[in-house]
Amino acid sequence: MELKNLTIKKAHDALIGGDLTSTDLLKLYLDEIKNKDKIIKSGKAGLLTGIPIAIKDNILIKGRIVSSASKILENYTATYDATVIEKLKKEGVVFIGRTNMDEFAMGGSTENSAYGLTKNPLDLERVPGGSSGGSAASVAGNMALIALGSDTGGSIRQPASFCGLVGLKPTYGAVSRYGVMAMGSSLDQIGPFGKTVEDVEILFDAIRGYDEKDSTSIKDQKPARKIFYSDEKIGGSKAESPKQKFKIGVPKSCLDIEGIDKSILQNFQESLERLKKLGHEIIDIELPNLKYSLAVYYVIVPAEVSSNMARYDGMRFGKRISGKDGIEDYFLSRQAGLGKEVRRRIILGTYVLSSGYYDAYYNKANIVRGLIADDYRKAFEKVDIIVTPTTPDVAFKIGEKAGDPLKMYLEDIFTVPINLVGIPAISVPSGIKKIGDKDLPIGIQFIASHNNEDLLFAIGKDFLGEKEN
Ligand code: GLN
């Protein structure tokens with residue numbers, strides 16, 4: 001029996017028809033797991049063979065339910081594998097489960113899930129961040145060794161920061177978007193969570209690469225450093241030694257923004273000292289248009305969301321509520337199937353794209369997006385890496401910001417510009433804020449220019465004191 005095409009109904013028929021006993025069925029699955037052990041024993045294992053990984057609920061695994069934490073896709077089963085999943089299957093990973101998220105990745109706390117919220121394993125009264133909060137919680141709570149999330153405006157870096165993990169938002173186009181449910185197509189990227197920079201680098205190397213199925217995928221990517229593989233056939237250079245010393249830019253103006261917690265600013269200053277001690281040079285830089293990022297993001301994202309969400313019409317797939325005609329079906333299905341935040345963004349997006357307002361909002365936002373990208377381009381002529389905090393504060397309490405979308409959007413102040421520009425950034429743990437008897441993690445964000453993830457891994461490891469093996 002081919003497990004690949006097995007469904008409950010087929011298995012049920014075989015069980016009832018006597019072609020299969022339940023013991024046989026279980027044995028088929030155990031054999032499949034044993035195969036992984038065999039690969040390992042034969043010496044053919046890659047680093048990821050047999051490693052349990054959790055996958056965000058917006059990434060398609062063929063034959064498995066994938067709902068983007070939305071009622072409209074309740075029990076929807078993926079009909080194909082996302083490219084990242086295809087790659088991970090070849091590596092022999094073990095998919096341990098799908099993880100909770102904000103509905104269609106819209107949010108920063110994982111409270112916007114149709115299936116209930118996720119708590120931060122380090123403090124159960126607090127959120128794990130979002131939208132990939134379930135992925136972060138699964139690794140921080142030791143329910144998976146590593147996890148995949150997606151990041152449109154901070155959804156990997158912010159939960160990584162809130163849960164004391166490392167999280168990478170890759171260069172736009174480094175990882176194929178084929179098989180991830182689209183939110184903001186010009187900003188979305190799939191990326192890894194791990195407890196160390198090394199784990200994140202290994203997982204990134206496994207999922208990235210050109211993919212003809214994603215028209216925005218980058219052809220000329222830097223070769224992976226592959227410093228961990230002894231296997232000759234993979235090639236790539238050994239770890240650079242001696243250790244690289246970087247010019248690190250600090251956009252001072254972004255630290256003057258109101259609403260950044262004192263503990264974050266203090267920790268950031270300490271981190272800069274740590275970097276200096278490690279021999280890196282700290283340089284003040286200007287990013288004059290950075291202050292517009294949040295406004296630009298919250299025009300462009302709703303615009304892209306409103307067009308990406310049009311496919312959830314209750315006709316082709318997902319929940320369908322019948323009304324008196326097709327139009328009413330559409331309204332009723334979307335009303336019942338989509339949550340408040342998703343509907344808010346569809347309405348906002350439709351407004352900024354409407355003929356009377358297109359120039360005033362959407363076009364203007366696109367122009368400013370270009371100016372922000374120019375700022376970064378100029379800054380990277382002077383520095384190798386830019387550094388900022390990841391979030392304005394540590395993990396907040398469940399319910400604290402749920403009723404106030406603006407407060408929630410301010411959470412994204414440090415992370416959204418990176419997606420607007422398409423460059424890579426990593427969040428690594430940089431300290432702790434003590435609240436009561438709880439140690440709440442703080443994160444720091446390192447940013448590089450396009451395709452320079454390797455610099456982020458190098459600085460991240462140096463900062464955390466991780467050894468290059
Ligand atoms: N919190 C941001 C938002 O709500 C980021 C979401 C994401 O990266 N998917 O848009």
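Scan 41, 56 and give me the residue that is out of contact with any Phe, Trp or Tyr (no Cβ under 9 Å at 6 or more places or on another chain) and touching a residue at least 40 places away in the same chain (Cβ under 8 Å).
Just a single option satisfies the conditions, and that option is 56.
Where residues in segment 123-160 are among the β-branched types (Val, Ile, Thr) and within 16 Å of the ligand (Cβ to nearest atom), which of them is farthest from residue 171 (Cα to Cα)?
Result: 127.
From the set of residues in segment 423-437 that are assigned to a loop (DSSP other than H, G, I, E, B) and either in contact with a Phe, Trp or Tyr (Cβ under 9 Å, 6 or more places away or on another chain) or not acidic (Asp, Glu) (or both), which is nearest to residue 259 (Cα to Cα)?
Restricting to residues being assigned to a loop (DSSP other than H, G, I, E, B) and either in contact with a Phe, Trp or Tyr (Cβ under 9 Å, 6 or more places away or on another chain) or not acidic (Asp, Glu) (or both), the top hit is 436.
Among the listed residues 339, 314, identify the single one that is of a type outside the set (Lys, Arg) and either more than 25 Å from the chain's Cα centre (by Cα) or modelled with pLDDT under 95 (or both).
314
Inspect all residues belonging to segment 452-464 and state whether any of them is surrounded by fewer than 19 Cβ atoms within 10 Å (Cβ to Cβ), free of Cβ contacts under 8 Å to residues at least 40 places away in the same chain and farther than 25 Å from residue 304 by Cα.
no
Counting only residues that are of a type in the set (A, V, I, L, M) and assigned to a loop (DSSP other than H, G, I, E, B), which one in segment 85-129 is nearest to residue 400 (Cα to Cα)?
Selected residue: 127.
Can you tell me which of (1) touching a residue at least 60 places away in the same chain (Cβ under 8 Å); (2) outside any loop (DSSP other than H, G, I, E, B) is the one residue 48 doesn't meet?
(2)
So how many residues does segment 398-422 have that are in a loop (DSSP other than H, G, I, E, B) and in contact with a Lys or Arg (Cβ under 9 Å, 6 or more places away or on another chain)?
6
Which pairs do you get when a residue that is in contact (Cβ under 8 Å) with a residue 60 or more places away in the chain and more than 12 Å from the ligand (Cβ to nearest atom), found in segment 170-188, comes within reach of a residue that is in a loop (DSSP other than H, G, I, E, B) and of a type in the set (Lys, Arg), reach meaning Cβ atoms under 7 angstrom, with the pair 6+ apart or on two chains?
Hits for this filter: 176/213; 178/213.
Can you say whether residue 386 is crowded, with 17+ Cβ neighbours inside 10 Å and in contact with a His (Cβ under 8 Å, 6 or more places away or on another chain), as far as the supplied structure shows?
The answer is no for residue 386.
Would it be correct to say that residue 186 is at pLDDT 95 or above, over 23 Å from residue 337 (Cα atoms) and either part of a loop (DSSP other than H, G, I, E, B) or polar (S, T, N, Q) (or both)?
Spelling it out, residue 186 is indeed at pLDDT 95 or above, over 23 Å from residue 337 (Cα atoms) and either part of a loop (DSSP other than H, G, I, E, B) or polar (S, T, N, Q) (or both).
Can you tell me which condition residue 46 does not meet? The list is (1) under 30 Å from residue 116 (Cβ atoms); (2) under 30 Å from the mean Cα position of the chain (by Cα), and all the others hold.
(1)
If you check residue 110 against the conditions, is it away from the ligand (no atom under 12 Å from the Cβ), touching a residue at least 24 places away in the same chain (Cβ under 8 Å) and under 17 Å from the mean Cα position of the chain (by Cα)?
No, not satisfied.
The values are calculated or read from the model by the stated rules, or taken from the named source; none is laboratory data. Fair warning: this is a prediction, and the values are worked out from it, not measured in the lab. Cβ coordinates were reconstructed from backbone atoms using ideal geometry, including for glycine residues, and neighbour counts include every protein chain displayed.
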